[in-house]
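Below is one structure, written out as structure tokens; comments come after it.
The values are calculated or read from the model by the stated rules, or taken from the named source; none is laboratory data. What you see is a predicted model, and the numbers here were worked out from it, not measured in a lab. Every residue, glycine as well, gets a Cβ built from its backbone with ideal geometry; the counts of neighbours run over all protein chains shown.
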Amino acid sequence: MNRFAEIRDVITAAVVAGAAEVIRIKRSGELNASYKDATELVTSADQASDAAIRQILEARVPAIDPSISLVLEESGGAAQPGRREVGADPLDGTNHFACGGTWYAVQGHYLEDGVPLIGVVFQPEVFVPSDEDDGCQGRLSWATRGEGAFTRRSRLSANGFELGPPRPIERKRFPETQRFVACIPQSARMTPEERERVRRILDSGLVAVTTGVGSAGANIMLTIFGGQQVYANFGAGLDLDLIPPQVIAEEAGLTVWGTDRKSPRWLSRKQPVIVAPSPGVAELFLRAAGF
């Protein structure tokens with residue numbers, strides 16, 4: 001097994017363990033929601049997932065490479081992305097999750113010098129919710145740069161998550177259109193300037209209908225698997241939310257750009273990102289936003 005495969009396996013084990021904690025807390029009904037600051041919701045599911053993920057990462061990552069730094073959404077880590085970094089978001093889409101939604105994600109990544117190399121996104125209830133079936137069903141998706149993107153169906157059982165056979169993720173082909181099904185998120189974390197970018201796009205005539213689900217990761221997965229054509233986060237795009245699905249989207253053949261029309265490098269924790277079916281469509285949205 002090569003080094004990247006080892007790192008991916010550890011990240012996968014960590015996010016699956018985190019997802020098990022999310023389901024456990026959800027079923028208990030003890031979400032205990034509060035705010036980390038004036039705008040950002042956190043629940044006991046976020047915290048329990050974070051703890052489970054960190055336990056696995058701290059136990060296994062140093063044996064692969066002790067120079068790899070760890071950063072998690074709740075328990076923290078390096079203030080800036082390190083030269084080699086494993087990161088994880090224990091519950092991406094907390095607001096959606098806390099109001100009963102199932103389009104959240106537990107996800108992790110590996111990067112070197114700001115370049116995303118591995119992404120893992122687990123959506124444990126995306127097909128069958130836990131309140132409908134004790135064996136809730138979802139999907140685990142992952143990619144390693146240069147090796148393609150893959151997904152597996154998941155089902156919760158008494159012994160944890162059972163995973164189906166892996167299958168490759170391929171870019172879906174849609175009819176060419178002049179207007180697009182798109183998610184252009186707004187949030188309480190955005191500045192007035194960032195909100196203005198969203199307004200410009202919505203006023204441009206490019207968007208036929210707005211969509212969107214619970215989390216940045218889930219929104220990019222929706223763009224990959226079908227349901228919307230474009231995801232454009234021009235405001236509150238954070239590395240832990242966006243790096244894992246970025247790798248999967250790029251390996252599946254989609255265009256993922258920052259405002260410089262290049263694949264995002266994460267030398268900062270926050271930057272705008274667009275995911276589109278082609279460079280041409282990405283360019284239309286960037287111009288409409290004023291970039």
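Structure summary
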read-out	value
Members of the range 109-142 found to be under 24 Å from Gly253 (Cα atoms) and among the polar types (S, T, N, Q), listed by number	Gln123, Ser141
Pick from the range 158-167, criterion exposed (fewer than 11 other Cβ atoms within 10 Å of the Cβ) and not hydrophobic (A, V, I, L, M, F, W, C), ranking: modelled with the lowest pLDDT	Asn159
Any chance Phe97 is at pLDDT below 95 and part of a helix (DSSP H, G or I)	yes
Tally of residues being touching a residue at least 24 places away in the same chain (Cβ under 8 Å), part of a loop (DSSP other than H, G, I, E, B) and either more than 18 Å from Gly119 (Cα to Cα) or not assigned by TED's automatic domain parsing to the domain that holds Val230 (or both) across the range 267-291	4
Residue check, Ser49 within 30 Å of Arg3 (Cβ to Cβ) and of a type in the set (Ser, Thr, Tyr)	yes
Any chance Ser187 is crowded, with 19+ Cβ neighbours inside 10 Å, within 16 Å of Asn233 (Cα to Cα) and modelled with pLDDT under 95	no
Extreme residue, nearest to the chain's Cα centre (by Cα), among residues of the range 202-219 that are farther than 19 Å from Glu176 by Cα and of a type outside the set (Gly, Ala, Ser)	Asn219
Qualifying position, being among the hydrophobic types (A, V, I, L, M, F, W, C) and over 28 Å from Asp89 (Cα atoms), among Ile201, Ile224, Ile184	Ile201
